[in-house]
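Bear in mind that the values in this text are calculations on the coordinates, not laboratory data. A quick note: this is a predicted structure, and the numbers were derived from the prediction, not measured. No Cβ is skipped: glycine too gets one built from the backbone with ideal geometry, and neighbour counts run over all protein chains shown.
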Number of protein chains: 2
Amino acid sequence: MTTYVAPVRDMRFVIEELADISAVRGLAAFEEITPDLVEAVLEEGSRLAQEVLAPLNKIGDLQGSKIVDGQVQVADGFSDAYAKFVEGGWPGMKFKPEIGGQGLPSLVAGALEEMWQSANMAFALCPMLTQGAIDAIEFHGTEEQKAVYLEKMVSGEWTGTMNLTEAQAGSDLAAVRTRAVREGDSYLITGQKVFITWGDHDVAENVVHLVLARTPEAPEGVKGISLFIVPKYLPGPDGAPGERNDVHPISVEHKLGIHASPTCVMGFGDKGGAIGYLVGDEGEGLVYMFTMMNRARLAVGMQGISIADRAYQQARQYARDRIQGSAAGHPGRVSIIHHPDVRRMLMTMKASVEAMRAVAYTTVASIDIAENTDDADTRSRHHARVDLMTPIVKGWCTELAQEVASLGVQIHGGMGYMEETGAAQHFRDARVTTIYEGTTGIQALDLVGRKTLRDGGRAQRALLEEMGEVSTELASFPDLADVKLCLDSGIDAHRRALEWLLQSGTEDVHAAGSVAFDLLMLMGTVCGGWQMVRAALVAQRRLGEDQGYGELYRTKLVTARFYLKHLMPRAQAYLQALQAGSEETMALPEEQF
Amino acid sequence: MTTYVAPVRDMRFVIEELADISAVRGLAAFEEITPDLVEAVLEEGSRLAQEVLAPLNKIGDLQGSKIVDGQVQVADGFSDAYAKFVEGGWPGMKFKPEIGGQGLPSLVAGALEEMWQSANMAFALCPMLTQGAIDAIEFHGTEEQKAVYLEKMVSGEWTGTMNLTEAQAGSDLAAVRTRAVREGDSYLITGQKVFITWGDHDVAENVVHLVLARTPEAPEGVKGISLFIVPKYLPGPDGAPGERNDVHPISVEHKLGIHASPTCVMGFGDKGGAIGYLVGDEGEGLVYMFTMMNRARLAVGMQGISIADRAYQQARQYARDRIQGSAAGHPGRVSIIHHPDVRRMLMTMKASVEAMRAVAYTTVASIDIAENTDDADTRSRHHARVDLMTPIVKGWCTELAQEVASLGVQIHGGMGYMEETGAAQHFRDARVTTIYEGTTGIQALDLVGRKTLRDGGRAQRALLEEMGEVSTELASFPDLADVKLCLDSGIDAHRRALEWLLQSGTEDVHAAGSVAFDLLMLMGTVCGGWQMVRAALVAQRRLGEDQGYGELYRTKLVTARFYLKHLMPRAQAYLQALQAGSEETMALPEEQF
């Protein structure tokens, strides 16, 4: 397995040059976030990722986790690593100082999260899910709940989970059956949840479950579902974990990847009922869950980038080391990085990772602005952008991550199929990202429905306009004329797709669902190109200045060109598939499959 | 895990309607191959696949194989299954009666092989490799060698292996170091081979290794390599396995998939030298190996289809059974097959499998004709076609199989990531197919080099012409006008790609290598469309006749249309990437990755 090296150079390029950190810095909350501070934080974080988390990635895969005496036991070294993670203050990086956080912009904290996920995806799922639980309590909990839970969770002393799925309720949460019966100030929760990430473990002193359950006499469907805090240990009057609550891990799943992340079946109330505390109002559970989920969706999109980058780094190392065959212009046998087809794969991986990173980080910067600006217009513009981009970051980045992780295996040849190499682990780990926190299909439905048809394409048009401005800017750079052609072709595909959808999406009841995936992939592809063009423009300008970063900018220009010429053409294929509509997709009777 | 059902109906459609079995039947060797016989053989084979091989697929994955007392021990039930396989005469289906075979055309035997591979890919690798070894001995061995080995191997009593790869010699076989020193009538072989499929086992009484090794004083590179027969047990004067030869399994690899197929590191000559018998002439080893390899490449391409079909069948079953959410026009909760995005995935899988099957089977029919016709023109035409299509069947079918197997996981949602479901096994098993018997990159280089540039595009033009004829035929069916547009666009992309390659492939030393993958995928995509159009033409004509197969033909029309409208557009994306050439692919210095 290759050592992981955090791509701090490219992260800083994206943060400083593409993701508008200057606008973020202009917000009162973040005025102290200087470039030096960003650099220092990323460098410090990269050491933890590289030296503590990454070395455990393989042992976690090999050992997985198991239930011993009714409690999940994680792989060797994970408890110590988690202790170091907490000790360094890393869990609280992006939370507000008022609740014990470090107050970093999500943009910078996001880069750190990319590192944790690259270094050890199974490990990083634990703080990732905890963040979702923190958000739910922070935004919807009572003052008392905040006082009891937030500081402990932000510090990482306690971890959190999202208990949504049940065997019969996956994408369709309306089918949740777990019951919550009021008893005094709390509720008694009974039922079973599945696929609970880090549902139980021994690395922190408490686990705070956020649980969807149905109250008696609640209406059918989504309106009958409420959200509850169900701690593993009930906090005592002093705030410390007290009595053991009636929630237990029943089993740990045997999964394709992320073996070290315990995915639990959780039983609530086997001994009469787990004590749960209502969050917000009854019947609002799904609304609150979406608070957690939208953040978690972006986080999973970032995971796609992380695992893709890890796979890329591993393949790059192998391509440099592995001697095989000869190449034009090189005497003797050569390392395979000299073979054009290996380069095609490496460039595809590199360009994909950098494009995804730029798309995701710019979206995250919009969160910082939307949540912290005083200007209503700016807020609503950035909110709309985040809403629109969330399914794209989640769906497109994780789908592209499959391709990148698969290329990582391919570059290794036969060795890629051997588990000892490590490439296969990244491939296996990556596979979950298009599934959890809403499959790609669910993201795509969100994109066509709530994010496009509902506002009549308004947020889409704002995005198209912004991309058009970049194309206009490009016109002043004759050296980039080839790039402009590719960008314009992508933007045109996006525009046509939008027009088609706005027209047919209302005429044909199956149209939106049938073409949603193609629209999502089309938009991801085009947004990737848009951001790579923005990167190329920065690089082209900076090349003239003498900053000692000539190689960085020259490389960025090559990578951007590769993306635009080799990957952007896919947008046309998605467009044509989309324009074919639902006819053949829906035509066959069930028995003819 | 879902039960496997051999797709006999579609296999027969392709064999009878698309792959020109009437031409095959017109050959003296195959005049007795009536439609009834084909049906009977496929039905009989399907029982073995469904009832004996498929039920072992999961246990093989779970148990894998291990070395016990210096010999590989395979998973429970595999020895019995192999005995039944031999008892039924299945190993010899496509071999000539003169060497003990059943004399079936490869076209029909190929359909059987598709079944074995779908039912249990790890198992089916054993007869697949044996076939390659049989081919090498049949085409290049001495009469004595044929007498000693062929009948035993054709019957399946003995199995065969291909010992090519060494740690430092993968795609680059010129680097082989295993030594062969002449001693009397035989040679002493010493060295180590890796990645040897079914390199050792206890399911048959002998294992016949075909081994590449270097004789002393042989020239460097490929010309110094010879091919040897190295049996595990030396055949005695009575032909029965006698003395144990000095070749042993050293270890069994821990792989991502195909766990039940023992992938061995083989040691030759640890006790002084394994006895080997030269095949053909010294220095011709690689040429002979290509005899085995070309067949094996087609067989791996077929494996892609097999595992894709298995994944499709599994996903189809899940989509019919899993209740989740609601759908327009259906009261209450529905099975997920009613959701448009699930249908998009299922249709993509179905259309891909059927297109791949048609492309592969028509290629295999050309083998039958080329090898058995008396007409020199026909022979050379079909030979050229097989040569051209081999890298496409191998490369494109296995690449597309990755997508199909991944969609299979995706349709299962969270359950797809759980190993118990079985979808993940198909995904893991499928992953090897783009790697062994020459990676996709190696296939693509074969396609652009030996198969295109070497003959100045002649075989390519013959293919284009044949596709053009189908387009012309299509013009008489106004109902298929939309399909014609898509086909023409694909053919046009193929023509432009060819022109670009013939022009730039000679001007730029890196061009051919940089664009090879895109050409291969483009051609696979277009050939798939071409065959689906041929299928649609048959269906359109037959719909008018009253044959009781109306549903079959209507379904084929829908599936063909889906392929042409949703998948064919990818050809344009490949074309544009190809036309971008090598510039950005080759631009970065190694350290800038």
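Remarks
- Residue mean of other protein chain beta carbons inside 10 Å, B:248-258: 3
- Per-residue Cβ neighbour rank within 10 angstrom, fewest leading, B:523, A:415: A:415, B:523
- Here's the picture: a label point sits 7 Å out from the Cα of residue B:59 along the beta-carbon direction, and within segment B:1-25 the residues with their amide nitrogen under 18 Å of it are B:1-4.
- Summary for residue B:192: label point 7 Å along Cα→Cβ; distances to the equivalent points in the other copies, ascending, 4.9 nm.
- Put simply, the amide H of residue B:166, placed in the peptide plane, has neighbours under 5 Å in B:194, leaving out anything fewer than 5 places away on its chain.
- Label-point distances for residue A:589 to the equivalent site in the other copies, using a point 7 angstrom along Cα→C-beta, read 6.8 nm when ranked shortest first.
- Mean partner shielding of peptide B:329-342, defined as the number of other chain Cβ atoms within 10 Å of each residue Cβ, is 4.
- Highest average first, the peptides B:211-218, B:29-36, A:256-263 ordered by how many other beta carbon atoms sit within 10 Å of their residues are A:256-263, B:211-218, B:29-36.
- Local net charge near residue B:491, Cβ-Cβ under 11 Å (Lys/Arg +1, Asp/Glu -1): -2
- FRET efficiency for residue A:281 and residue A:192, using Cβ-Cβ distance with R0 set to 25 Å, rounded to 0.05: 0.50
- Fraction of alpha-carbon pairs over 31 Å apart in chain A - percent: 50
- For residue B:246, the residues whose modelled amide H falls within less than 5 Å of its own, excluding neighbours fewer than 5 places apart on the same chain, are B:275.
- Part-to-part distance (alpha-carbon centres) for segment B:317-393 and segment B:216-265, which is given in Å: 36
- Partners for residue A:556 among lysines (Cα-Cα distance below 25 Å; same-chain residues under 8 apart left out): A:350, A:394, A:484, A:565
- The label point for residue B:238 and the one for residue B:466, both projected 7 Å from the Cα toward the Cβ, are 5.1 nm apart.
- Per residue, the average separation of C-alpha pairs within less than 8 Å and at least 6 apart gives chain B a relative contact order of 13 percent.
- Shortest-first distances to equivalent copies, position residue B:485, nm, label 7 Å out along Cβ: 2.5
- Listed from fewest to most Cβ neighbours within 10 Å, the set A:373, A:142 follows the order A:142, A:373.
- Gap separating the Cα centres of segment B:21-99 and segment A:159-194, nearest whole Å: 50
- For residue A:232, the lysines whose Cα falls under 16 Å of its own Cα, not counting residues fewer than eight places away in the same chain, are A:152, A:193, A:271.
- The residue in chain A that lies nearest, by its beta carbon, to the axis linking chain A with chain B is given here with the distance in whole angstrom as A:573, 2.
- Relative to the Cα centre, the charge distribution of chain B, modelled as +1 at Lys and Arg Cβ and -1 at Asp and Glu Cβ, gives a dipole magnitude of about 1640 debye.
- DSSP beta bridges fully contained in chain A are about 85 percent antiparallel.
- For a label point 7 Å along the Cα-to-beta-carbon line of residue B:271, residues of segment B:228-251 with backbone N under 15 Å: B:231-235, B:242-250
- Peptide B:405-414 - average C-beta neighbours from other chains (10 Å radius): 5
- Neighbours of residue B:17 by Cβ distance under 11 Å: Lys/Arg scored +1, Asp/Glu scored -1, total +2.
- Taking 0.36 nm per residue of sequence separation and removing the Cα-Cα distance, the residue A:182/residue A:290 pair yields an extension gain of 36.5 nm.
- Spin-label pair residue A:502/residue B:98, simplified geometry with 7 Å Cα→Cβ offset, distance in nm: 7.2
- Look at where the Cα atoms of segment B:545-564 and of segment A:524-563 average out, and the two centres are 50 Å apart.
- Chain A: DSSP helices with Cα axial extent of at least 15 Å and average Kyte-Doolittle hydropathy no lower than -0.5: A:35-47, A:106-119, A:121-140, A:285-321, A:340-372, A:376-411, A:458-474, A:481-507, A:511-544, A:550-562
- Cβ-derived FRET efficiency at R0 41 Å, residue B:509 paired with residue B:9, nearest 0.05: 0.25
- Net charge of Cβ neighbours under 15 Å - reference residue A:352; Lys, Arg +1; Asp, Glu -1: +3
- Most to least packed among A:355-362, A:183-190 [average Cβ atoms within 10 Å]: A:355-362, A:183-190
- Cβ-Cβ FRET estimate between residue B:220 and residue B:142, R0 fixed at 30 Å, reported to 0.05: 0.65
- Taking a straight line from the alpha carbon of residue A:146, these aspartates and glutamates sit under 17 Å away, with near neighbours fewer than eight places off in the same chain left out: A:98, A:135, A:138, A:157, A:185, A:238, A:281.
- Label point 7 Å beyond Cα of residue A:541 along Cβ direction - residues of segment A:12-54 with amide nitrogen under 20 Å: A:12-27, A:35-36
- Cβ-to-Cβ counts within 10 Å put B:153, A:93 in ascending order as A:93, B:153, the fewest first.
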